[in-house]
Amino acid sequence: MKLTTLLVCDAGLDKRQTIEDLIHSQPSLALVSTVSGSMAREQIGSLHPKLVWIELSPAPVRGLSLLAELRETFPDVYFFVSYEVPDPELIRTAYRLGASDFLDAERWRTDLPAAVQSIQLKHQSESISTAAGKVIATFSPTGGIGVTTICTNLAGYLGKYGETCIVDLDLQFGMISQYLNLEPSFSLSTIDFSHTNFDATYLRNLMTRYDEKLSILAAPLDLEDIGDIYAAQVQEILYTAKQEFRFTLVDLPKNLLDERAIATLDLADEVLVITEYNWAAIVNARKCLDTFKAHYNQEKLLLVINRSEWQPQDVLSECRASLNYPIFHEIPNDVKTAKWANNQGQIAPPKSDLGKSLNSLARRLGGGEQLMITQKDTETSQGFKLPAFFKR
C-alpha cells in the first residue's frame, strides 16, 4: 500500500522539483499535491495524506512552527522534515516536535528509502491485533543506572507470563549476553536483510536461548559491524518478534538521536524510563520525559526508579516532587543481589529484594497489577529548572 504524500514547500522551483522527483522515485510514496505553508492545514484536511513532507527553506523557524501546529492538529499523520544542511539544533527541535525523520540535501537520496520503510513498518505495527505480543523498551539518559541489569532480570520474570526475548540495541557496548553468561553464535550484525523470507523462524535461528522461556538477540561483537544496521531493519526485527513472543524487551543506547533508538521508541508499546534519586539523573530524566511527551502518550511512558532506598525520606520526597511525573515502580537498592546475578549470569532469586520487586514489575507489565504510584497533588517543589528548550 502506498503512502499518500503532501509536500509543503515555500522554497524556489528548483528545490520544489528536486523534492518532488525524490518522492516520485519511491515506489511506496504517492505525491498528491505540493502546497505552500499557508495552505498546508487546509489541504491536509481535504486530501488526508498519510505523510507530510515539510521543507524548512527559506525560513527554518517558521517551518518548525508549522510542524508543531500541524502535528498537534493532525496527530495521525507522519511528518518528514528537510533542510539544506543537517543543523544539530534544527534536528533536535524537529524530532522534539514530532517529526518522524530529518532529511538533509547531502544524504536524502540514500536515507529516504530507509525513512520510508520505517514509516511503513510503524504504520503496519499500529494495525497489529491486540493479541500480538508487547514490545517494552528500557532506556535511561544517564549511564550507570542499572538499565541492563533491570532488562535482563525483568525479562526472566516476564517469562512466567509468556515466552520472552531481549534485543540488545546498545550496539557499541551491549552486555546482555555477558550478564546472562551466554556466548552467542549470531548477533544483530549477522542478520542478512536480503533474506528472501525474513520471518519468525529465521529470527529464532539467530537468537541464543537462556532457557525455554527466554531468548536473546545479541549486540554486534565488533564495533565495526554496527554501521550496517538501519532503523527500518530494527523495526522489521521488532515487528517480527512482536508476532512471535509474548514480550520483547529492548535495551536501548543512551543516544536519543540514534535513528535506531527512535525507531524502537516509535514501535514500542511501553517505554521504561529508568532513573535514580540523584540530582544529575533527575535532571536528565526530566529532559527525557519532556521530550518524549511531545511524541507519545503518558500511558506509554513509565517512570521507574532504581536503587530507591539509599536516600533519607525527606530527600526522597523532594526528588519525587522534582520529577513531576507519575512513578510507575520503585526498585530497592539491592546491590548485593544485582552483583551476584550479573557475575553468575543468572536471574535474581525470587526471595531477594531485587527479585521480589522485578517480579511485581513483571506482573504489572503483564496486566496483573494496575495500581500506579502517584504523587499527592499537595506535594509541591520548585524542583530543578530545565533549559527553556525542553519546556513545553
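Points to keep in mind about this one:
- Figure legend. Inter-residue proximity from the stretch 338-363: first residues assigned by TED's automatic domain parsing to the domain that holds Leu180, second residues buried (at least 21 other Cβ atoms within 10 Å of the Cβ) and of a type in the set (Phe, Trp, Tyr), beta-carbon distance below 6 Å, spacing 6+ or different chains. Indicated pairs: Asn342/Tyr179; Leu358/Tyr157; Asn359/Tyr157; Ala362/Tyr157.
- Among the residues making up the stretch 333-352, those that are crowded, with 17+ Cβ neighbours inside 10 Å and more than 28 Å from the chain's Cα centre (by Cα) are Thr337, Ser352.
- Of Ile44, Ile19, all but one fail to be hydrophobic (A, V, I, L, M, F, W, C), surrounded by 13 or more Cβ atoms within 10 Å (Cβ to Cβ) and touching a Cys at 6+ places or on another chain (Cβ under 9 Å); the exception is Ile19.
- The stretch 307-343, residues that are touching a strand residue (DSSP E or B) at 6+ places or on another chain (Cβ under 9 Å) and either modelled with pLDDT of 85 or more or polar (S, T, N, Q) (or both): Ser308, Leu323, Tyr325, Pro326, Ile327, Phe328, His329, Glu330, Ile331
- In the stretch 7-44, the residue that is farthest from Asp104 (Cα to Cα) out of those that are touching a helix residue (DSSP H, G or I) at 6+ places or on another chain (Cβ under 8 Å), assigned to a helix (DSSP H, G or I) and not β-branched (Val, Ile, Thr) is Arg41.
- Odd one out for Lys356 among (1) surrounded by fewer than 21 Cβ atoms within 10 Å (Cβ to Cβ); (2) in contact with a strand residue (DSSP E or B) (Cβ under 9 Å, 6 or more places away or on another chain); (3) more than 16 Å from Phe139 (Cβ to Cβ): (2)
- For the stretch 162-206, a tally of residues being hydroxyl-bearing (Ser, Thr, Tyr) and surrounded by fewer than 17 Cβ atoms within 10 Å (Cβ to Cβ) returns 6.
- Search result, residues across the stretch 71-92 that are touching a residue at least 40 places away in the same chain (Cβ under 8 Å) and β-branched (Val, Ile, Thr): Ile91
- Residues in the stretch 58-105 that are closer than 21 Å to Glu20 by Cα and in a loop (DSSP other than H, G, I, E, B): Pro58, Ala59, Val77, Glu84, Val85, Pro86, Ala99, Ser100, Ala105.
Every residue, every condition in (1) assigned by TED's automatic domain parsing to the domain that holds Tyr277; (2) touching a residue at least 60 places away in the same chain (Cβ under 8 Å); (3) of a type in the set (Lys, Arg), yes or no:
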| site | (1), (2), (3) |
| --- | --- |
| Ala99 | no, no, no |
| Glu106 | no, no, no |
| Arg109 | no, yes, yes |
| Val147 | yes, yes, no |
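The values are calculated or read from the model by the stated rules, or taken from the named source; none is laboratory data. Please read all numbers here as calculations on a predicted model, not as lab measurements. With ideal geometry, Cβ positions are generated from the backbone for all residues, glycine too; neighbour counts draw on all protein chains shown.
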